[in-house]
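The values are calculated or read from the model by the stated rules, or taken from the named source; none is laboratory data. Keep in mind that what you see is a predicted model, and the values were worked out from it rather than measured. All Cβ positions, even for glycine, are placed from backbone atoms using ideal geometry, and neighbour counts span all protein chains on display. What goes into the accessible areas is simple: the full protein's heavy atoms, side chains included, and nothing from ligands, DNA or RNA. Shrake-Rupley method; radii C 1.70, N 1.55, O 1.52, S 1.80 Å.
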Amino acid sequence: ELKCRIRIGERILNLERRILELANTDMLTGLLNRRAFMEKIRQEISRTQREKRPLSLIMADIDHFKRINDAYGHQAGDLVLKRFAEQLTASTRPYDFTGRYGGEEFIVCLPGTGRSGAGSIAERIRRQTEDMEIMLPDESGPIRITASFGTASHEEGPRVDVDLLIKRADEALYRAKRGGRNRVCGTRNDED
């Protein structure tokens with residue numbers, strides 16, 4: 001009877017872990033969903049302020065994503081999103097974290113990274129994305145994509161406002177889009 005109860009308890013714990021994982025993960029890309037990302041970044045900002053360390057964000061958006069869906073279909077679009085998410089994860093450090101912010105927009109948190117480091121990392125990801133070839137399952141040829149990136153950093157000073165930091169990264173992203181796409185832009189004033 002004890003062994004039976006232990007197995008049932010283990011099964012319940014495994015199910016709870018799986019439910020939590022599903023609740024925090026974007027189903028398509030396997031990245032953190034927006035809610036889970038926001039929860040984690042708030043925790044990271046608290047730690048960053050306590051340790052007086054810099055923190056940066058990268059907002060990334062796949063250029064002309066609608067054209068991919070229109071030309072190749074939504075399954076190809078889903079494949080592009082997955083491959084781009086894999087590229088983001090492969091291009092960051094183990095303690096950085098990435099989320100799907102919405103649609104074809106992604107967000108990366110870089111703890112302990114200042115303005116110049118964030119720009120360098122975003123540029124490296126941009127180049128790697130530009131070099132990617134995404135093979136379609138029907139072998140109709142590879143899809144090549146580009147992405148635009150916006151960075152924002154908090155290096156020292158008063159309390160970090162998460163929403164303001166995200167807004168700054170988003171504004172930098174849209175400057176990159178308006179500036180011709182496939183580029184990295186930082187915020188004009190990264191300090192709070």
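Structural remarks
- Of all the listed residues (Gly30, Gly103), the sole one being touching a Ser or Thr at 6+ places or on another chain (Cβ under 9 Å) and either of a type in the set (Asp, Glu) or at pLDDT below 95 (or both) is Gly30.
- Criterion violated by Ala36 - all others in (1) closer than 27 Å to Arg183 by Cβ; (2) within 15 Å of the chain's Cα centre (by Cα) satisfied: (1)
- Residue count, the range 20-64 (criterion: open to solvent by 20 Å² or more (accessible area, probe 1.4 Å) and assigned to a helix (DSSP H, G or I)): 18
- Scanning the range 65-76 for residues that are exposed (fewer than 13 other Cβ atoms within 10 Å of the Cβ), more than 20 Å from the chain's Cα centre (by Cα) and not small (Gly, Ala, Ser) gives Arg67, Asp70, His74, Gln75.
- Of all residues in the range 25-39, those that are in contact (Cβ under 8 Å) with a residue 12 or more places away in the chain have Cβ atoms under 7 Å from Cβ atoms of residues that are open to solvent by 50 Å² or more (accessible area, probe 1.4 Å), 6 or more apart or on another chain, in Leu28/Asp78; Leu28/Lys82; Thr29/Lys82; Leu32/Lys40.
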